[in-house]
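No lab work stands behind these numbers, since they all come straight from the coordinates. Note that the structure is a prediction, hence the values are computed from the model and not measured. Every residue, glycine as well, gets a Cβ built from its backbone with ideal geometry; the counts of neighbours run over all protein chains shown.
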Amino acid sequence: MPLDAIFISELCRELDGTVTGMKIDKVRQPEKDTVVLALRGNGQSLRLAMCFGSGSARVCVTSAEYENPAQPPMFCMLLRKHLTGARIQGVTQPEGERMLLFRLTAMDELGELSEKTVAMEMLGRNANLILIDGTGHIIDAARRIDADMSPMRQLLPGLIYRLPPKPEPGRFSGLSPLLRREMEWRGLPQTPEGLEGLERTPTMLVEDGRPKDFTFLPILQYGPSVESVSYPGWSALLEAFYAEKDRAEHLKARARSLTKLVRSAKNRAERKLSLRIQELAATEDRETDKRRGDLITANIWRMRPGMDSVTAEDFYEPDVPQVTVPLDPGKTPAQNAAAYYKQYTKKKTAREHLTALIDENRTEADYLASLAAALDRAQCQADLDSVRQELVQAGYLREARNKGKGRERPAQPMRFHTSAGLEVLVGRNNLQNDELTFRTARRTDRWLHVQKLHGAHVILRCEGQTPDERSVYEAACLAAFYSEGGQAGRVAVDVTEARFVKRQRGGRPGMVIYTDQTTVMAEPRREI
């Protein structure tokens, strides 16, 4: 992301005018790479997020609600000791550096006024947050760097804090690859003079309705395929850009254990299915065993003890050919016939049993695939909790002990309205799909589901009327978007009345059969 020195200079100017003079009321570290300072003063209260994650480093005023860990990390405890009650005296940017320095004054352990500095280094993979005392010595860093990690620059408690090494003489630094391409496209020299006169506006680049990038000026190199959207402030731009990105990444991290569990169970079910299909194939020759038993019985008069085979007429075939039946020399003719009959009965019984098990395995594998799809579509913690509840009910996961917290309210179905004002309900998971289809939907409401893929059950509320074609199409687009086909160009979506949808016999939650459907080719577009 182009969080270059020029962008940071504009951000520095904005933050300096906003947070200077404010007092640090609380310090929190909700994530291992995020510190949030609660500030008050200048007639307002706000939260300042300092994120030093690789690829997501930034400082911005935030309105996001962060979940705090039960036990704060050691670095957070250190920051609380030194920063709680401190007042921000100013925000500066060392020339050409991708970093900000927050100058603070605070009372030390002896009750005397002391100076502190918080250095927020936004250096890509080397992003860091460092606390420095009034003499320039490092108190501690979020990421300690020793000589083995970097012989050029160490960041350890007690060492003097030094700025990152400067680039080679004569090299113009501080420009992101995006800005370099833009200046080349505009025919401007990549020098300080080339930057003069460029419009500086907080700008987000949006492609197909999704944030693509951000920078400090409108970008022209992409043409009409990418839109440049202006924001009222630099901090607001960062907050808007990273809000969706961080939410998705944090949710993905929280879903990782559930995803691993579901995939393991699905792989196990698929392996069982494959083995049982192979076992079923081995029973296909059962009629041959019965036929051999019959041939031995019919020709027992010509057999003698110790024979390893017998040749006889196969009266099962129209032309009665001569066939050779293998025998066990250690058995009598009657025992050989009984062995073939026993093998036939065993294979016949196994086929019946395996057929039921294969159906069961297919249902299980399909159900687990639907849970994996629900995890991919999860948009909040409540969605993950619903999948966890399903796994507990299905016996794949033990129910967690209640640690005294009240039961969280389950997430409600997603609600939309069509252009004509009709309500559309979209299920977030299998349990909610069941609830929508068999309890919420009225008989004549339209039920929609992507064809031959896992996805949400979608209900178009019709209030007893025939819905207009546009409303049906928009509901179909939602069904396509919230499915495994959400990234495709066009997706087939089946539409029928809710009364024609039935539970699948022996099926898991969300598994249904339906009739009287029509098919709509829908586009899973986010703007719908």
- Query: Taking the Cβ-Cβ separation of Lys348 and Val392 as r and a Förster radius of 45 Å, what is the calculated FRET efficiency to the nearest 0.05?
  - Reply: 0.70
- Task: Once you have the Cα-Cα distance between Ser114 and Lys452, take 0.36 nm times their residue separation minus that, and quote the gain in nm to one decimal.
- Result: 115.0 nm
- the range 144-243: Rg/Rh from Cα coordinates, Kirkwood Rh? 1.10
- Task: Report, to two decimal places, the Cα Rg of the range 483-528 normalised by 2.2 N^0.38 Å (N = number of residues).
- Result: 1.38
- Taking Cα atoms of the range 177-231, Rg/Rh with Kirkwood Rh, to two decimals? 0.97
- Query: Arg254 versus Arg302, label points 7 Å from Cα toward the beta carbon: distance in nm?
  - Reply: 7.9
- Query: How would you order 187-196, 464-473, 425-434, 7-16 from highest to lowest mean count of nearby Cβ atoms within 10 Å?
  - Reply: 425-434, 7-16, 464-473, 187-196
- For Leu163 and Ala243, what is the calculated FRET efficiency with R₀ set at 35 Å and r taken between the beta-carbons, to the nearest 0.05? 0.70
- Log entry: pair-distance distribution for the range 253-401, C-alpha pairs binned every 5 Å from zero, whole % per bin is 2, 9, 14, 12, 10, 8, 7, 6, 6, 6, 6, 6, 5, 3, 1, 0
- Query: Around Leu217, which amide H atoms from residues at least 5 apart in sequence, or from another chain, sit under 5 Å from its own amide H, with H modelled in the peptide plane?
  - Reply: Thr201, Thr203
- Item | Net length gained if the chain between Arg443 and Ser419 were fully extended (0.36 nm per residue, minus Cα distance) | 6.4 nm
- State the label only: which of (i) 0.96; (ii) 1.09; (iii) 1.45 corresponds to Cα Rg over 2.2 N^0.38 Å computed from the shown model? (iii)
- Item | Degrees separating the helix 74-83 axis from the principal Cα axis of the chain, which is the longest one | 20
- Message: What is the angle, in °, between the Cα long axis of helix 234-281 and the longest principal axis of the Cα atoms in the chain? Nearest 10 is fine, range 0 to 90.
- Response: 20
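Can you give the translational diffusion coefficient of the range 414-522 in µm²/s, computed by Stokes-Einstein from the Kirkwood radius over Cα pairs at 20 °C and 1.002 mPa s?
160
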- Of every Cα-Cα pair in the range 35-147, the percentage lying beyond 20 Å is 43
- Only helices counted: for the chain, with every DSSP H run of 4 or more residues adding -39500 (n - 2.57) and the sum spread over all residues, [θ] at 222 nm is -11500 deg cm²/dmol
- Query: For the range 90-167, what is the relative contact order in percent, using Cα pairs closer than 8 Å and at least 6 residues apart in sequence?
  - Reply: 17
- Query: Between Arg153 and Glu527, 0.36 nm times their residue separation minus their Cα-Cα distance comes to what?
  - Reply: 129.9 nm
- On a 0 to 90 degree scale, rounded to 10, what angle separates helix 286-298 from the longest Cα axis of the chain? 20
- Message: Quick check: pseudo-label points 7 Å beyond the Cα along Cα→Cβ at His137 and Arg180, how many nm apart are they?
- Response: 4.0
